[in-house]
Amino acid sequence: MNYSDIFKTSINKLKIEGRYRHFNEIERKVGEHPNASWITNSKKNDVIIWCSNDYLGMSQNKLVINSMINSIKKMGTGSGGTRNISGNSSSIVHLENEIANLHSKEKAIVFSSGYVANESTISTLLNLLKDVVVFSDEKNHASIISGIKKSKASKEIFKHNDLNHLEALIKKYPEKKPKVIIFESIYSMDGDFGDISGISKIAKKYKALTYLDEVHAVGMYGNKGSGVTEELGLQNSIDIIQGTLGKAFGTMGGYIASSNVICDAIRSYASGFIFTTALPPALLSAARTSICYLKKSDKERKLQQKNTITLKTYLKKENINFMDNKSHIVPIMVNNPVRCKEISNILLNEFKHYIQPINYPTVPVGTERLRITPGPFHTEKMISDLTIALKYAFKKTEKDNYSKIA
């Protein structure tokens, strides 16, 4: 058997379908976000990043940077091991207290990433609840889906944000059967909001636990940057809130915030927590500094919201098709993988605007897009220039035949 041929065939299949992913080499510039260098053929080219999840540019915030540097000088670069062995630093304890306070919960647990936080917590939670049934929104993230698959739970997938469908599914089960509803506050590819209020009411009515992924909302919404639940005054309506440190907070890591007993159970049983090396103190210190800063400062959020409105205004004026779901995420719809990649290449090569194409399996086939996340440090001129470039790229590719691929 020729194993290499099998792998080559798999890769060629992606290339034929227009789904092969190319990673551009990008070098970010401290203090100049969203400007960066695109490295190709050993040469550096100045580009503007439009697709970063560093939503507020906090990875470049001087207070956050200095916090990390000081921590490294004081405690070194690594954590020294798992939390159980030697990695339970004072930095991680202080950060977890800060996160719990942010979400008005009794306790929080930090994981190595948002993906691991979801996968480990959900699989553990469902396995601890014997004979449980989980109700999952059909547009939930891959990490949520993986966590459910790793459990032994019965599952029901409800249509996106469809409360009638969710309730119809829940009604099929006895009142005493354990139930968990899992959904998101902002769905990252469409930029739309989950119906937190409606789902919370159904959960209360049928005595179900609620698990809410707020990774694309923490830092971005609410007076303290706690997320959509804070903005709606619904933090006490959600049993488990999951978030990330790697997006608006500008560092790395994931977490859950919940009651003491739920956090203790996850901490004690989740293999993705128990057997993973703890995050370095420097990252944890920087994350805490970022959270504390955004609790008090809404300058970045207001600028980001202003730029999102400005971008949408420019796009509408030029009749560029995008999803307007009122969040900070602006998906430009292309609806074909090859054309999407070609437009992305035109933007980068001819105009130095960097936006990676989004295709299957991240989004359904035929809904390929350019996902734009305007930040507080983009200027109106940048937005105007991007709109002109998008219009040109769409026009340049409109006569090409993509029917065989779509």
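Observations, loosely collected:
- Taking residues in the stretch 317-337 that are farther than 19 Å from residue 53 by Cβ, and partners anywhere that are open to solvent by 50 Å² or more (accessible area, probe 1.4 Å), the pairs with Cβ atoms closer than 6 Å and at least 6 places apart or on different chains are 318/391; 333/321; 336/406.
- Enumeration of residues in the stretch 12-48 that are hydrophobic (A, V, I, L, M, F, W, C), open to solvent by 100 Å² or more (accessible area, probe 1.4 Å) and within 23 Å of residue 365 (Cβ to Cβ): 16, 23
- Flag for residue 368 being farther than 22 Å from residue 27 by Cα, touching a helix residue (DSSP H, G or I) at 6+ places or on another chain (Cβ under 7 Å) and open to solvent by 40 Å² or more (accessible area, probe 1.4 Å): no
- Which listed residue, of 248, 203, 217, 168, is part of a helix (DSSP H, G or I) and buried (at least 21 other Cβ atoms within 10 Å of the Cβ): 203
- Top-ranked residue of the stretch 61-78 - restricted to ones that are open to solvent by less than 30 Å² (accessible area, probe 1.4 Å) and under 26 Å from the mean Cα position of the chain (by Cα), ranked as farthest from residue 371 (Cα to Cα): 67
- Pick from the stretch 103-141, criterion part of a helix (DSSP H, G or I) and open to solvent by 30 Å² or more (accessible area, probe 1.4 Å), ranking: nearest to residue 152 (Cα to Cα): 127
- Restricting 288, 267, 301 to those that are assigned to a helix (DSSP H, G or I), modelled with pLDDT of 95 or more, over 20 Å from the mean Cα position of the chain (by Cα) and on the phi < 0 side of the Ramachandran plot reduces the list to 267.
- Neighbours by Cβ (under 6 Å, 6+ apart or cross-chain): first from the stretch 281-298, more than 11 Å from residue 219 (Cβ to Cβ) and touching a residue at least 40 places away in the same chain (Cβ under 8 Å); second among the β-branched types (Val, Ile, Thr) and open to solvent by 20 Å² or more (accessible area, probe 1.4 Å): 282/72; 283/251; 286/251
- Residue within the stretch 390-397 that is open to solvent by less than 30 Å² (accessible area, probe 1.4 Å) and in contact with a Ser or Thr (Cβ under 8 Å, 6 or more places away or on another chain) present: no
- Among the residues listed as 157, 181, the single one being modelled with pLDDT of 95 or more, open to solvent by 20 Å² or more (accessible area, probe 1.4 Å) and in contact with a strand residue (DSSP E or B) (Cβ under 6 Å, 6 or more places away or on another chain): 157
- Applying the condition of being of a type in the set (A, V, I, L, M, F, W, C) and open to solvent by 20 Å² or more (accessible area, probe 1.4 Å) to the stretch 82-102 and asking which residue is farthest from residue 214 (Cα to Cα) yields 85.
The values are calculated or read from the model by the stated rules, or taken from the named source; none is laboratory data. Computed from a predicted model, the values in this text were never measured in an experiment. Backbone-built Cβ (ideal geometry, glycine too); neighbour counts: all protein chains shown. These accessible areas exclude ligands, DNA and RNA; they are computed on the full protein's heavy atoms, side chains included. Shrake-Rupley method; radii C 1.70, N 1.55, O 1.52, S 1.80 Å.
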